[in-house]
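Encoded as structure tokens, the structure appears first; notes follow it.
The values are calculated or read from the model by the stated rules, or taken from the named source; none is laboratory data. Remember, it's a predicted structure, so these values are computed and weren't measured experimentally. When we count neighbours, we look across all protein chains shown, and the Cβ atoms used for this are built from the backbone with ideal geometry, even at glycine. SASA here: full protein model, heavy atoms, side chains in, ligands and nucleic acids out. Shrake-Rupley method; radii C 1.70, N 1.55, O 1.52, S 1.80 Å.
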Amino acid sequence: MIEIMAETTGSLLALKATGKLTDADYKTTLIPKMEEVIKEYGKADVLMYLPEDFTGWDAHAAWDDTSFGLRHRNDFAKLALVGGPKWVEWATRIGAHLIAGEVKIFPVDHLAEALEWIQAS
């Protein structure tokens, strides 16, 4: 499940993902909100918070994530990943080379630090 966090404001889209993400999570929540932010601000700052109960993506959601990211690779100013399993960190480090924005990875207990970083000019 994807939840839009209260910290979302302006070009910042703060998201919390729990359980296993599905195609519906992308099509009903993440993609429409991301496209709205990109349309209004030109670029998005995205914080993805993955607490301990995050278990990954189903196959269709993984494709949604990859295809959206590649289509909008120039539309991210900053991306902060907070938490998640080690394999997500590795995938994010690889994916960081495919997008134009700045990417930073934070431990799960550093949400406040990640918010501070992504909100800094």
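Hey, can you tell me all the residues within the range 1-17 that are farther than 15 Å from G83 by Cβ and part of a strand (DSSP E or B)?
I4, T9, L12, L13
In the range 18-37, how many are open to solvent by less than 30 Å² (accessible area, probe 1.4 Å), of a type in the set (A, V, I, L, M), part of a helix (DSSP H, G or I) and within 23 Å of E52 (Cα to Cα)?
Qualifying residue count for the region: 1.
How many of the residues making up the range 47-71 are closer than 13 Å to E3 by Cα, without any contact (Cβ under 8 Å) to a residue 60 or more places away in the chain and in a strand (DSSP E or B)?
Residues meeting the conditions: 3.
If you scan the range 1-42, which residues turn out to be of a type in the set (G, A, S) and on the phi < 0 side of the Ramachandran plot?
Within the range 1-42, A6, S11, A14, A17, A24 qualify.
Would it be correct to say that V82 is touching a residue at least 40 places away in the same chain (Cβ under 8 Å), within 17 Å of E3 (Cα to Cα) and of a type in the set (V, I, T)?
So V82 fails the test.
What pairs come up if the first residue lies in the range 91-115 and is more than 14 Å from M48 (Cα to Cα), the second is open to solvent by less than 70 Å² (accessible area, probe 1.4 Å) and assigned to a loop (DSSP other than H, G, I, E, B), and their beta carbons are under 9 Å apart, counting only those six or more places apart or on different chains?
Once the first residue is more than 14 Å from M48 (Cα to Cα) and sits in the range 91-115, its partners that are open to solvent by less than 70 Å² (accessible area, probe 1.4 Å) and assigned to a loop (DSSP other than H, G, I, E, B) give I99/H72; I99/D75; A100/D75; G101/D75.
Would you check if there is a residue in the range 104-120 being in a loop (DSSP other than H, G, I, E, B) and surrounded by 16 or more Cβ atoms within 10 Å (Cβ to Cβ)?
No.
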